[in-house]
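Beneath this line is the structure, given in structure tokens, with notes to follow.
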């Protein structure tokens, strides 16, 4: 893996070669860092830092210490990156992410950080030992991975290097497997303050200026250095991890890092069957993984939460249940046996050692450690006087060998090593042979680079000397592949040496210059292809084909020299295409009746043929077609004129029949002009009487103008004046127009208006009285009793004056007074909101107790006692818990633990008591009561204020009393506990993006158990609750009286 090694684990192997830096790293072992951390052992090294196992001397806790390499301390970029790593990891704690404890600098100025030490294999090692994971084990592990990544994403941190090597399986306090995500430190903190300009870019780079990440796991946007890499890049990497865990293989196969990058950007991933044919089919799980591997970020999962939901939906039901348990925080147990562990519950019983048995080994260990310390001191004194061993001699030779390798002096590099090999024994020879092998490997890389450069030069010469485009392109493809191979080899030499062979290496061929050398060949081939295609299009001899040939030849002419064989051919073909297109257009015009257009095309074709006789089409044949077409054009013009005359006369008659006299006159005038244009022998007989028709149409037009000025017929609600005005206007119209097109219609309107005027006189008095009664009903429905009384008195006066029956007013008066009595009863404990009254206080436990007692006394078996109420001896009643505040009655607290069905039953019981309908509020009524109709976020205002509501507590406050009134968080209408205390039922059925759920209702207001009060106590916050959920002891109710 690139970058810093897995920072909190013990790697399985050590680096193959020692170096000055390695010696410094070893020197820290056994020292005390910052008077806090005793360095116990070296865990591993990476390109940026070294990891040690250490012990916190004061806390006795084992930690991992990561120290920045000494040679990078002067690099501002590496130091900034190390600081970002610390900042990123210190921002959050999560059970599935390695935790950072401390950070600082060593005595020599090298940066370090202390973090959680995890003992356990990586997922890569689990795969190596056990092969692909079963779906249940995969689901448990991957759920934990997504939970850790989700927390990082919520804090704006993108990991950018998720892979099986960076995910380890440790153990929690109970011995259950616990996933730990490593190296969140090389993440980019999105939008963080104080980052340097490099980290503000969307391409995150290492000190070697290469993209952070591992090529096998990079997202397409990360691999291509895209403009934006966000959290969906991590989800792609997790898709690669999931594919590998389930199949044992990566989704792509490649021979080099560059190959993997290209496949991530361009190729689709393999299917599970292609990667591992032995796997059983798992289409839902495979679809879940492949969605994460989409090339476009918008087509992947939107975030880790969505990916968790998709995982739960993809696995079998029993596994989905396990996923839900892991998501809810229960310990992982189903995957113990994949690592050969026993679950915590199986480690009890006979196998568990007694305290005495556990202490004996500890005492023995202490004694042995003391003895070992004495022996170690003696051994150290002896070693001061012994001769250096082979490893020490090899370390001393290493700088000389390395210089020879960098100078490409292979004999000088191997000579001291071969001499040392001859002197040491067989047991010590392995390290020397390993160093000799590394020299040979460096030599092979240098020779391979020379061979590649020679091959590149030969291929470049082939490209330049190619005579055909195909030969040149084939050579260029080979050169591009060889160039990529050379780049990869150069990168490897930069990492592993010998860098000396790069100093005199020739420059790689310039691909852009070689591609430019192909342009003349490509242009010639394209011109020949364009001419051949133009010939084929002309041979098709269709309008579309000829137009395509003309456009293609016109473009080609712009790129050809004026004098030349290709230019002459293009001109001849263009002239032929234009003539043939004109002839086809003429044929089309003849068929469609466009003789004028056809004649224009034929005449243009004759002119073109005279200028280009080489085309081979005789102009005389086209001239004969022109003469015949002109005769047909004259004959058709006469036929069209007679048809047009008949059409215009029929049109004038039709317009007149529809009362459109202006248009009828226009059509008659056009018909007369058409008649005059006809030759004498073409005119029909008898001749139309244009003057008589015009006189009649003008008379009809005048009557239509008068009709248009008539006032519209009054509606059913119109008064007497409007009816009289409409009647007089129509009577005048009939007198002024003895003969008119619409006379019968107007006469019928006059009769209807006369009957209506007579009836209006009879209905006026009754309508006035009915309107007065309706006004009383309107005021009563709105709850405005004073207005209702005033309007009732006015209605009585009108009824008496008209001599009408006043019996309906007596019943209405009684309803008004009954409503007034009800308002007086409700004024103390209720507030009017629109047409209803809503209680100032939540329903108390005492009120709900009375309701339940009433049901119990009536013999009901299904009394809805709240589940946390307890019965007392020798009684069938249940009682609420004692008040947590001495001196206060439990009955004064809000009724809690009430189901929706129990709340509705309480409302029905209360309706019988009050004699009026009592119900639960709607969500709209609840919000109106909480805000008083104002645009505010909380009942007390638009800003959050501490201490104005009951939340984050173990119990609520009483529904009324000094404590409640002193709280100060009431709504503008004076309602208490609209936020906090207990959540309140509404009657609204739950509806969300998934649809309508009739088994659930909307709960409002939050409760004393709300731990995110700024969100949960907001007026617009809402919670879904099943109608028969019984164990929620924080849900109560508030009632509404609905007089309507």
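The values are calculated or read from the model by the stated rules, or taken from the named source; none is laboratory data. Keep in mind it's a predicted model, so treat the numbers as computed, not measured. Cβ placement follows ideal geometry from the backbone for every residue including glycine, while neighbour counts extend to all protein chains displayed.
Selection of the range 955-1007 for residues being exposed (fewer than 13 other Cβ atoms within 10 Å of the Cβ), part of a loop (DSSP other than H, G, I, E, B) and touching a strand residue (DSSP E or B) at 6+ places or on another chain (Cβ under 9 Å) yields only 974.
A residue that is farther than 30 Å from residue 927 by Cβ and either part of a loop (DSSP other than H, G, I, E, B) or modelled with pLDDT of 90 or more (or both) occurs somewhere in the range 805-823.
Going residue by residue through the range 226-248, is there one that turns out to be outside any loop (DSSP other than H, G, I, E, B) and at pLDDT below 90?
Within the range 226-248, the subset outside any loop (DSSP other than H, G, I, E, B) is 231-247.
Next, only the ones that are at pLDDT below 90 stay: none.
So far as the range 226-248 goes, no, none of its residues is outside any loop (DSSP other than H, G, I, E, B) and at pLDDT below 90.
The set of residues from the range 446-457 being closer than 13 Å to residue 514 by Cα and surrounded by 14 or more Cβ atoms within 10 Å (Cβ to Cβ) comprises just one member, 456. Could you tell me whether residue 946 is more than 27 Å from residue 866 (Cα to Cα) and either touching a residue at least 40 places away in the same chain (Cβ under 8 Å) or assigned by TED's automatic domain parsing to the domain that holds residue 878 (or both)? Judged against the criteria, residue 946 is a match. Taken together, the residues in the range 426-459 that are at pLDDT 90 or above, over 21 Å from residue 492 (Cβ atoms) and in contact with a helix residue (DSSP H, G or I) (Cβ under 8 Å, 6 or more places away or on another chain) amount to 1. Taking the criterion of being at pLDDT below 95 and not in a loop (DSSP other than H, G, I, E, B), the only residue of the range 937-949 that qualifies is 941. Would you check if residue 746 is surrounded by 14 or more Cβ atoms within 10 Å (Cβ to Cβ) and over 60 Å from the mean Cα position of the chain (by Cα)? So residue 746 passes the test.
Within the range 746-798, the residues that satisfy the criterion of being more than 30 Å from residue 837 (Cβ to Cβ), in contact with a helix residue (DSSP H, G or I) (Cβ under 9 Å, 6 or more places away or on another chain) and modelled with pLDDT of 80 or more are 746, 747, 749, 750, 753, 754, 756, 757, 797. Filtering the range 270-302 to residues that are closer than 18 Å to residue 240 by Cβ and either in contact with a strand residue (DSSP E or B) (Cβ under 6 Å, 6 or more places away or on another chain) or not in a helix (DSSP H, G or I) (or both) leaves 270, 271, 276, 279, 282, 293, 294, 295, 296, 300, 301.
Considering only the range 680-692, I want to know if a residue exists there that is assigned by TED's automatic domain parsing to the domain that holds residue 667, part of a helix (DSSP H, G or I) and surrounded by 11 or more Cβ atoms within 10 Å (Cβ to Cβ). Please lay out each step first, then the result.
If we filter the range 680-692 for residues that are assigned by TED's automatic domain parsing to the domain that holds residue 667, which is where we start, we get 680-692.
So of that shortlist, the ones also part of a helix (DSSP H, G or I) come out as 680-682, 690-692.
Okay, now just the ones that are also surrounded by 11 or more Cβ atoms within 10 Å (Cβ to Cβ), so 682, 690.
Among the residues of the range 680-692, at least one is assigned by TED's automatic domain parsing to the domain that holds residue 667, part of a helix (DSSP H, G or I) and surrounded by 11 or more Cβ atoms within 10 Å (Cβ to Cβ), which makes the answer yes.
Residue 585: under 23 Å from residue 470 (Cβ atoms), outside the structural domain of residue 453 (by TED's automatic domain parsing), out of contact with any strand residue (DSSP E or B) (no Cβ under 9 Å at 6 or more places or on another chain) and modelled with pLDDT of 85 or more, yes or no?
Numbers: under 23 Å from residue 470 (Cβ atoms): no; outside the structural domain of residue 453 (by TED's automatic domain parsing): yes; out of contact with any strand residue (DSSP E or B) (no Cβ under 9 Å at 6 or more places or on another chain): yes; modelled with pLDDT of 85 or more: yes.
Here the answer is no, as residue 585 does not meet what is asked.
Restricting 662, 646, 651 to those that are over 27 Å from residue 594 (Cβ atoms) and outside the structural domain of residue 577 (by TED's automatic domain parsing) reduces the list to 662. Which of the residues that make up the range 844-854 are out of contact with any helix residue (DSSP H, G or I) (no Cβ under 7 Å at 6 or more places or on another chain) and either in contact (Cβ under 8 Å) with a residue 24 or more places away in the chain or assigned to a loop (DSSP other than H, G, I, E, B) (or both)? Once the filter is applied, which keeps residues that are out of contact with any helix residue (DSSP H, G or I) (no Cβ under 7 Å at 6 or more places or on another chain) and either in contact (Cβ under 8 Å) with a residue 24 or more places away in the chain or assigned to a loop (DSSP other than H, G, I, E, B) (or both), the range 844-854 yields 847, 852, 853. The sole residue among 271, 256 that is over 27 Å from residue 130 (Cβ atoms) and more than 21 Å from the chain's Cα centre (by Cα) is 256. The lone criterion from (1) modelled with pLDDT of 85 or more; (2) farther than 30 Å from residue 582 by Cβ; (3) within 49 Å of the chain's Cα centre (by Cα) left unmet by residue 462 is number (3).
Across the range 403-415, the number of residues qualifying as surrounded by fewer than 18 Cβ atoms within 10 Å (Cβ to Cβ) and free of Cβ contacts under 8 Å to residues at least 24 places away in the same chain comes to 5. Reported count of residues in the range 635-659, each being surrounded by fewer than 12 Cβ atoms within 10 Å (Cβ to Cβ) and within 30 Å of residue 707 (Cβ to Cβ), is 2.
Quick test for you: out of 722, 708, pick the one residue that is surrounded by 14 or more Cβ atoms within 10 Å (Cβ to Cβ), without any contact (Cβ under 8 Å) to a residue 12 or more places away in the chain and over 60 Å from the mean Cα position of the chain (by Cα). Full working, then the answer.
Working: 708 fails: surrounded by 14 or more Cβ atoms within 10 Å (Cβ to Cβ).
The conditions single out 722.
Within the range 496-515, being part of a helix (DSSP H, G or I) and either surrounded by 11 or more Cβ atoms within 10 Å (Cβ to Cβ) or outside the structural domain of residue 452 (by TED's automatic domain parsing) (or both) holds for 496, 500, 501, 502, 511, 513, 514, 515.
Condition check ((1) in a helix (DSSP H, G or I); (2) surrounded by fewer than 17 Cβ atoms within 10 Å (Cβ to Cβ); (3) outside the structural domain of residue 1036 (by TED's automatic domain parsing); (4) at pLDDT below 90) across all residues:
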| position | (1), (2), (3), (4) |
| --- | --- |
| 837 | no, no, no, no |
| 860 | no, yes, no, yes |
| 885 | no, yes, no, yes |
| 902 | yes, no, no, no |
| 911 | yes, yes, no, no |
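Summed over the range 148-179, residues that are at pLDDT below 90, surrounded by fewer than 21 Cβ atoms within 10 Å (Cβ to Cβ) and either under 12 Å from residue 231 (Cβ atoms) or not assigned by TED's automatic domain parsing to the domain that holds residue 130 (or both) total 2. Any residue at all in the range 1023-1039 that's at pLDDT below 95, within 17 Å of residue 929 (Cα to Cα) and in a loop (DSSP other than H, G, I, E, B)? Within the range 1023-1039, not a single residue is at pLDDT below 95, within 17 Å of residue 929 (Cα to Cα) and in a loop (DSSP other than H, G, I, E, B). Against the list (1) modelled with pLDDT of 85 or more; (2) surrounded by fewer than 19 Cβ atoms within 10 Å (Cβ to Cβ), the condition residue 570 fails is (2).
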